[in-house]
Amino acid sequence: MAERVPLDFEPVTPAESAARADAFYHEMARRRSVRDFSDRPVPRALVERAIQTAATAPSGAHQQPWTFVAVQDPDTKRQIREAAEAEERAFYADRAPDDWLDALAPLGTDWQKPFLETAPWLVVLFAQRWSPAGRGGEGGAGGRRKHYYVQESCGIAAGLFVAALHHMGLATLTHTPAPMRFLGELLDRPAHEAPFVLFPVGYPAPGATVPDLERKGLDEVAVWR
Ligand code: IYR
């Protein structure tokens, strides 16, 4: 068992809680998924902070089963765009069933993914399905330490990453070209890491537009008993 230390917990008055609740909600409610990016550079320090924030996520058995690969190199971004567009072309032309294409229609997406080159950073979150034994001390030589709740843990980390970027005034998109195995190959990731989400990170292009969508209201998403 790990040694125990006092919880670092900041007491907040009820009035301050209410004010923070409103401010955070309104801030997050302004977030939109962006597909039109400017090429304006983003300092690496901001991307580092967003990754550090994402990596505060709770995880199964505190195994922190994530790796964030931050890509800035234009040549690597171009290879990612080419591979993703090849998959997306096949998706939109043949692979996607009609009901999936119907569900996507309001978003106006197609196979073209220029943002994969325009955005100054592509951050790919890889989920570690297991870790090589020896790290953390468990397991024998050449063995594997199983990770628990990998999808859930990485999903929460992805959410915190999105929130952190929005909070610092940057835009992103949860992009999941399918299949995304090419990302592991292009980015040279080990076999125990599977691509989970690709996030273009940057500033919206001047004049960027988004679909006019509404979020479900509280009554549609919450049930009280
Ligand atoms: N991966 C494709 C299709 C797509 C699928 C879903 I679900 C979306 O919410 C959006 C797009 C693409 O990126 O175009």
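The values are calculated or read from the model by the stated rules, or taken from the named source; none is laboratory data. Since this is a predicted model, take the numbers as computed values, not measurements. Positions of Cβ are backbone-derived with ideal geometry, glycine not excepted, and every protein chain shown enters the neighbour counts.
Please indicate, with yes or no, whether at least one residue in the range 46-63 is more than 16 Å from the ligand (Cβ to nearest atom), within 14 Å of the chain's Cα centre (by Cα), polar (S, T, N, Q) and in a strand (DSSP E or B). Checked the range 46-63: no residue is more than 16 Å from the ligand (Cβ to nearest atom), within 14 Å of the chain's Cα centre (by Cα), polar (S, T, N, Q) and in a strand (DSSP E or B).
Selection of the range 169-200 for residues being buried (at least 20 other Cβ atoms within 10 Å of the Cβ) and of a type in the set (Val, Ile, Thr) yields THR172, VAL197. Would you check if ALA29 is at pLDDT 95 or above, within 20 Å of LEU183 (Cβ to Cβ) and within 22 Å of the chain's Cα centre (by Cα)? Considered against the rule, which asks whether it is at pLDDT 95 or above, within 20 Å of LEU183 (Cβ to Cβ) and within 22 Å of the chain's Cα centre (by Cα), ALA29 comes out as no. Taken over the range 56-83, the criterion of being over 30 Å from LYS146 (Cα atoms) and of a type in the set (A, V, I, L, M, F, W, C) is satisfied by ALA83 alone. In the range 171-190, the residue that is farthest from the ligand (Cβ to nearest atom) out of those that are in a loop (DSSP other than H, G, I, E, B) and among the β-branched types (Val, Ile, Thr) is THR174. Taking (1) within 30 Å of VAL123 (Cα to Cα); (2) surrounded by 11 or more Cβ atoms within 10 Å (Cβ to Cβ); (3) free of Cβ contacts under 8 Å to residues at least 12 places away in the same chain in turn, ALA23 satisfies each apart from (2). All of PHE126, PHE68, PHE115, PHE91 fail the test of being touching a strand residue (DSSP E or B) at 6+ places or on another chain (Cβ under 7 Å) and within 16 Å of the ligand (Cβ to nearest atom), apart from PHE115.
From the list GLU10, GLU16, the lone residue that is exposed (fewer than 10 other Cβ atoms within 10 Å of the Cβ), over 19 Å from PHE126 (Cα atoms) and away from the ligand (no atom under 16 Å from the Cβ) is GLU10.
The test for being crowded, with 18+ Cβ neighbours inside 10 Å, within 24 Å of ARG40 (Cα to Cα), in contact with a Pro (Cβ under 8 Å, 6 or more places away or on another chain) and of a type in the set (A, V, I, L, M) does not hold for LEU165.
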